[in-house]
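A.B. asks: Pasting a structure below so you can have a look.
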Number of protein chains: 2
Amino acid sequence: MRNAEEQFIAQALAKLGPRAVVTDPADIAPWVTDWRGRVHGATPAMIAPASTDEVADVVRLAAEHRVPLVPQGGNTGMSAGATPPADGSAVLLSMRRMNRIRSISAENRLAVAEAGVILAPLHDAVHEVGMRFPLTLGARGSCTIGGLTSTNAGGTQVLKFGTMRSLVAGVEAVLPDGSIHTGLSGLKKDNRGYSIDQLLIGAEGTLGVITAVALRLVPAVTARAVAWTGVASPMRALDLLRFLEARTSSIEGFELVPQDSLQLVLKHVPGTRPPLDGTHPWHVLIEATTSDSATRVGGELERLLGTALKQGIIGDAVLASNEAQAEAFWKLRDAISEAERAEGQTLAHDISVAVADMPAFILNASEQVERAFPGVVASGFGHLGDGNIHFHVRAASHAAPNWYEAEGLQITRFVDDLVTAAGGSISAEHGIGQLKRAEFARLAEPGRVQALRAIKNALDPLGIMNPGKLVP
Amino acid sequence: MRNAEEQFIAQALAKLGPRAVVTDPADIAPWVTDWRGRVHGATPAMIAPASTDEVADVVRLAAEHRVPLVPQGGNTGMSAGATPPADGSAVLLSMRRMNRIRSISAENRLAVAEAGVILAPLHDAVHEVGMRFPLTLGARGSCTIGGLTSTNAGGTQVLKFGTMRSLVAGVEAVLPDGSIHTGLSGLKKDNRGYSIDQLLIGAEGTLGVITAVALRLVPAVTARAVAWTGVASPMRALDLLRFLEARTSSIEGFELVPQDSLQLVLKHVPGTRPPLDGTHPWHVLIEATTSDSATRVGGELERLLGTALKQGIIGDAVLASNEAQAEAFWKLRDAISEAERAEGQTLAHDISVAVADMPAFILNASEQVERAFPGVVASGFGHLGDGNIHFHVRAASHAAPNWYEAEGLQITRFVDDLVTAAGGSISAEHGIGQLKRAEFARLAEPGRVQALRAIKNALDPLGIMNPGKLVP
């Protein structure tokens, strides 16, 4: 530990007290390895402020001693954006003690939550007043509002409600100079210059530390209907989406599942069973919801799927007859990654292209990857309605244990090239963090890289906010 | 004209040809005075490129010669953000020749329009394929997509669809270094670093020149219902909004009108008549729409207003019985500014506070202004559902002709102080431009001003993009 770090930690301890400064390696250990266990960092201390003013104190001290900070929420990121560097040169800034829900107003359709509030309890608290925060994802029991905002998280309900960028009504943050940006006043219209809020959303903690967020709420769901359908191709799946969207506004989940992925789930995940009698090359899980007591969402979806069947858009469909069956359908979708891990080594790519281009992209890209890397199995599943799928490549069963290192990087570059050629994004929802930074640097337009660097240097001239992340 | 400007104009002429370079003062004259006729600028030339590449050429030449550019669309801004400085030191960059609609896709719910496309013809073109671009405002026959995006325009349908910030799916722009930012790929999810698109929205041309925009479309309206209601107070008006929002998602216009403003319209605007039999201290114009053929939006609104009447939320209501009456109701709202001008001198303030706080703000602020400046009449009207009203202060009938200069600035400062104390915005939708820059500088938090300046200097280090606008 350098002298500057020692002084910084000692002064933080003096200012914030012992509860806020953790230096025991055993207590720090769970937080210096990323969620997927791939990146191992190190830090001399984890500082956990309990208020916005304390965060500002820490940032000012960090600036004074030139000690970089790595903000962290639930440590559930997919790109190691909250993992400190391995050389121990940065201090972890844990936001988990800032875990107050400051207000919930059904009338204003707003909740203000501190950065360390975990998503699941926020869902519950909001539900108690008859409202809903509609963003959700697998890590809901661990991920925090600050992390979700800093990564512009997506999830399974983006089709109807958008990503965090659409759901954040305002941000409170400590900027790298220690000043507090206060954007929580809940103004629906405010045209006073560049949107600092929008700049901080998705900035992965590189431009400041988000301390609290005003979140837009929607009325609670009064009924949902979940259906499983079999289709001949991803093109037919998109036809089905267009067909439904033209006739109802109730569709909020639309998840594509290839037959191969479904079979892996049925093989490896106990208690799962095929949702349809026959087999189909592709499947779609559909969720329709309503918050309007007058709308019979189940009957509507059943009728629409009946018409889609008659028109030859789909091959078969079944509506979940109760909540247990609805959960069972979702399980088939949510368990794909788990089933793939049980089957063998898998490379994940979180990519997007324009919605209309996605069906052809999935087929072409799969074919090209399988041709270029004999033995692998490529498939795309997930949020077809957002033009965002998880494009996974599974190693051949006889692959060597070092397949990731030997062939993985090559495959990822191959996939990223295909995505870039299609005008798409190599990070649809997982962000850049550390893991995608080299690929981002390789593929981004030079003007864009220059603009990002200029903004970063302008707001964080000392480079103390999450260095080594996101900006190429 | 300095030597640098002469060289810049000569080189632009050589590069872009005579159609693109206007130097005749008579042809330039209409574009150097702002929309409201308050700010008079001057320029040696107006350059009108016809393509993105030509814009990039102009920006690179401007950078080379250090000649500032003032981007302009329809010249309909309310804050003189597109008016060149009076000393003739900047060149006007007219975007009106970039007026192609590049694509419209009902399937993808996207239109791509160049910056110079005027809003009204875009509405028409989109309507032809059964879709709708839902943002609209009074200047729709003149204002351009580039200007609307650069000012994050609002208008009367923000309640349901948001401002431009929510409706823009991507931006193409020339950055101050001459590089082209291409954000038109229509990705619904893309987490590759800071959102340059969001930074350019509302930047008033100070960070680059927007050349084209991807716009989100919604299904065309199949039916609308327009109602006029009388209420006892702004609080009751907000109660009515909450009542309606809890029961239907069809409300997209909700405009507050004080009795005083209605009477001015009836007095000064030919062909107008009172919508209700009795008089009411306050009024609300409501528009409900649907794009769903199954919903009877008129019957629903009538039934809901009937219940609101029974519950004492409103004093009276009438539903427009046909399209002509609907237009007549809107005319009563839209003609308020015109009627005020006919009555005498009026100061306009485009302000916002949190929606829940707006009713009390209107009453308190009006009372305080009228007490502090005896003889004036203060009132708020407009977009109550967005927490955004136009707070107008009318001079006493005996006011001197120099009332604006003598008392106007003092009144504006008084109003802006009240707004700031209430945590609101002194520019809800009109932007900062030139006219509000001093007040913005006086009232903004120092950290915010510093962040804005740092971003401006980072992306436009030569200061060639619309200097003297927006950034304090």
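The values are calculated or read from the model by the stated rules, or taken from the named source; none is laboratory data. Worth saying up front: this structure is predicted, and the values here are computed from it rather than measured. FYI the Cβ positions are ideal-geometry reconstructions off the backbone, even for glycines, and counts take in every protein chain you see. The accessibility values were calculated without ligands, DNA or RNA, using every heavy atom of the protein model including side chains. Shrake-Rupley method; radii C 1.70, N 1.55, O 1.52, S 1.80 Å.
A.B. asks: In Å, what Kirkwood hydrodynamic radius results for segment A:104-251 from the alpha-carbon pair distances?
C.D. replies: Kirkwood hydrodynamic radius for segment A:104-251: 16.7 Å.
A.B. asks: Next question. Calculate the mean, over all residues of peptide B:84-97, of how many other protein chain Cβ atoms lie within 10 angstrom of the residue's Cβ.
C.D. replies: Taking all residues of B:84-97 together, the mean is 0.
A.B. asks: Something else about it: Diagonalise the Cα gyration tensor of chain A and give the resulting equivalent ellipsoid semi-axes, square root of 5 times each eigenvalue, largest first, whole Å.
C.D. replies: One finds semi-axes of 39, 27, 20 Å for chain A.
A.B. asks: Taking N as the number of residues in segment A:386-472, what is its alpha-carbon radius of gyration divided by 2.2 N^0.38 Å?
C.D. replies: Taking N as the residue count of segment A:386-472, the ratio is 1.30.
A.B. asks: Find every distance from the label point of residue B:402 to the corresponding label point in the other copies (7 Å from Cα along Cα→Cβ) and write them in nm, one decimal, shortest first.
C.D. replies: Ordered by distance, the counterparts are at 8.7 nm.
A.B. asks: Still on this model: What net charge is computed for the residues neighbouring residue B:280, neighbours being all others with C-beta under 14 Å from the C-beta of residue B:280, Lys and Arg scored +1, Asp and Glu -1?
C.D. replies: Every neighbour counted, the sum reads -2.
A.B. asks: Let me know the whole percent of all Cα-Cα pairs from segment B:277-416 that are separated by more than 23 Å.
C.D. replies: Percent of Cα pairs beyond 23 Å in segment B:277-416: 47.
A.B. asks: In nm, what does the list of distances from residue B:438 to its counterparts in the other copies look like, shortest first, when each label sits 7 Å along Cα to Cβ?
C.D. replies: 5.7
A.B. asks: Averaged over its residues, how many other protein chain Cβ atoms are within 10 Å of peptide B:451-458's Cβ atoms?
C.D. replies: The shielding value for this peptide is 6.
A.B. asks: Through the Karplus equation 6.51 cos²θ - 1.76 cosθ + 1.60, θ set to phi - 60°, convert the phi angles of segment A:350-355 into ³J(HN,Hα) values in whole Hz; use x for Gly and Pro.
C.D. replies: So the J values, rounded to whole Hz, are 9, 10, 9, 9, 4, 3.
A.B. asks: So, one more: Residue-wise, which Karplus ³J(HN,Hα) couplings in Hz belong to segment B:170-180, taking 6.51 cos²θ - 1.76 cosθ + 1.60, θ = phi - 60°, and x for glycine or proline?
C.D. replies: Per-residue couplings from phi come out as x, 10, 10, 8, 9, 7, x, 8, x, 7, 9 Hz.
A.B. asks: Suppose only helical runs count, i.e. DSSP H with n ≥ 4. What mean residue ellipticity at 222 nm does that imply for the protein assembly as shown under -39500 (n - 2.57) per run, divided by all residues and rounded to the nearest 500 deg cm²/dmol?
C.D. replies: Here the helix-only value at 222 nm equals -10000 deg cm²/dmol.
A.B. asks: Can you tell me the equivalent ellipsoid semi-axes for segment A:104-146? Use √(5λ) from the Cα gyration tensor, largest first, whole Å.
C.D. replies: 18, 11, 8
A.B. asks: Measuring from a point 7 Å out along Cα→Cβ, what nm distances, shortest first, does residue B:37 have to its partners in the other copies?
C.D. replies: Inter-copy label distances (nm, one decimal, shortest first): 7.5.
A.B. asks: In addition: Just to confirm a number: summing +1 for Lys and Arg and -1 for Asp and Glu over residues other than residue B:2 whose beta-carbon lies under 11 angstrom from that of residue B:2, what do you get?
C.D. replies: Neighbour charge sum, excluding residue B:2 itself: -2.
A.B. asks: Ranked from highest to lowest mean number of other Cβ atoms within 10 Å per residue, what is the order of the peptides A:429-439, B:416-426, B:75-85?
C.D. replies: B:75-85, A:429-439, B:416-426
A.B. asks: With a cut-off of at most 13 other beta carbons within 10 Å, and DSSP calling the residue loop, which trypsin sites (Lys or Arg not before Pro) in segment A:439-472 qualify? Please list them.
C.D. replies: none
A.B. asks: How many percent of the accessible area of segment A:241-353 is carbon or sulfur, using a 1.4 Å probe?
C.D. replies: Of the solvent-accessible surface of segment A:241-353, carbon and sulfur hold 46 percent.
A.B. asks: Assign one of three labels to segment B:314-377, namely rounded, prolate or oblate, based on the Cα gyration tensor with a ≥ b ≥ c the square roots of its eigenvalues; rounded applies when a/c is under 1.5, prolate when it is not and a/b is larger than b/c, and oblate otherwise.
C.D. replies: Oblate, since a/c reaches 1.5 and b/c is not below a/b.
A.B. asks: Give me Rg over Rh for the protein assembly as shown, both radii from the alpha carbons and Rh done the Kirkwood way, two decimal places.
C.D. replies: Reported Rg/Rh (Cα atoms, Kirkwood Rh): 0.97.
A.B. asks: How large is the direction-averaged shadow of the alpha-carbon convex hull of segment B:209-307, in nm²?
C.D. replies: For the Cα atoms of segment B:209-307, the hull's average projected area reads 9.8 nm².
A.B. asks: Average projected area of the Cα convex hull of segment A:295-349, in nm²?
C.D. replies: Approximately 5.9 nm², given one-decimal rounding.
A.B. asks: Further, regarding this structure: Averaging sequence separations of C-alpha pairs under 8 Å and six or more residues apart, then dividing by the length of segment A:372-417, give the relative contact order as a whole percent.
C.D. replies: This gives 31 percent for segment A:372-417.
A.B. asks: So, one more: Could you check how many percent of all C-alpha pairs in segment B:8-138 are farther apart than 23 Å?
C.D. replies: So the pairs more than 23 Å apart make up 40 percent of the total in segment B:8-138.
A.B. asks: Quick one: compute the contact order of chain A, relative version, from alpha carbon pairs under 8 angstrom and 6+ residues apart, as a percent.
C.D. replies: Result for chain A is 15 percent.
A.B. asks: What is the interface area between chains A and B, defined as buried accessible area summed over both chains with a 1.4 Å probe, reported in Å² to the nearest 100?
C.D. replies: Summed over both sides, the interface buries about 5300 Å².
A.B. asks: Trypsin sites (Lys or Arg not before Pro) within segment A:1-79: which are DSSP loop residues with at most 16 other Cβ atoms inside 10 Å?
C.D. replies: A:2, A:36, A:38, A:66
A.B. asks: Tally Lys and Arg at +1 and Asp and Glu at -1 over the other residues with C-beta under 12 Å from the C-beta of residue B:168: what net charge comes out?
C.D. replies: With Lys, Arg at +1 and Asp, Glu at -1, the neighbours total +1.
A.B. asks: If you don't mind, another one. Highest first, please rank the peptides B:115-126, B:169-180 by the mean number of other Cβ atoms sitting within 10 Å of their residues.
C.D. replies: The most tightly packed comes first, giving B:169-180, B:115-126.
A.B. asks: Over the heavy atoms of residue B:302, what accessible area does a 1.4 Å probe trace out, to the nearest 10 Å²?
C.D. replies: In the full protein context, residue B:302 sits at about 110 Å².
A.B. asks: Note down the accessible area of residue B:248, probe 1.4 Å, to the nearest 10 Å².
C.D. replies: Residue B:248 exposes around 20 Å² with every protein chain in place.
A.B. asks: Roughly how far apart, in whole Å, are the Cα centres of segment B:219-284 and segment A:357-384?
C.D. replies: 55
A.B. asks: Right, next: Taking only the alpha-carbon atoms of segment B:30-72, what semi-axes of the equivalent ellipsoid follow from 5 times the gyration tensor eigenvalues under a square root, in whole Å, largest first?
C.D. replies: Working through the eigenvalues yields semi-axes of 23, 13, 7 Å.
A.B. asks: Ignore the peptide's own chain and count Cβ atoms of other chains within 10 Å of each Cβ in A:148-158; give me the average, rounded.
C.D. replies: Shielding by partners across A:148-158 averages 1.
A.B. asks: Right, another one. With no solvent and one equal point scatterer placed on each C-alpha of segment B:1-78, evaluate the Debye formula and give log10 I(q)/I(0) for q = 0.11, 0.17, 0.24 Å⁻¹, two decimals.
C.D. replies: Taken in order of the listed q values, log10 I(q)/I(0) reads -0.28, -0.68, -1.22.
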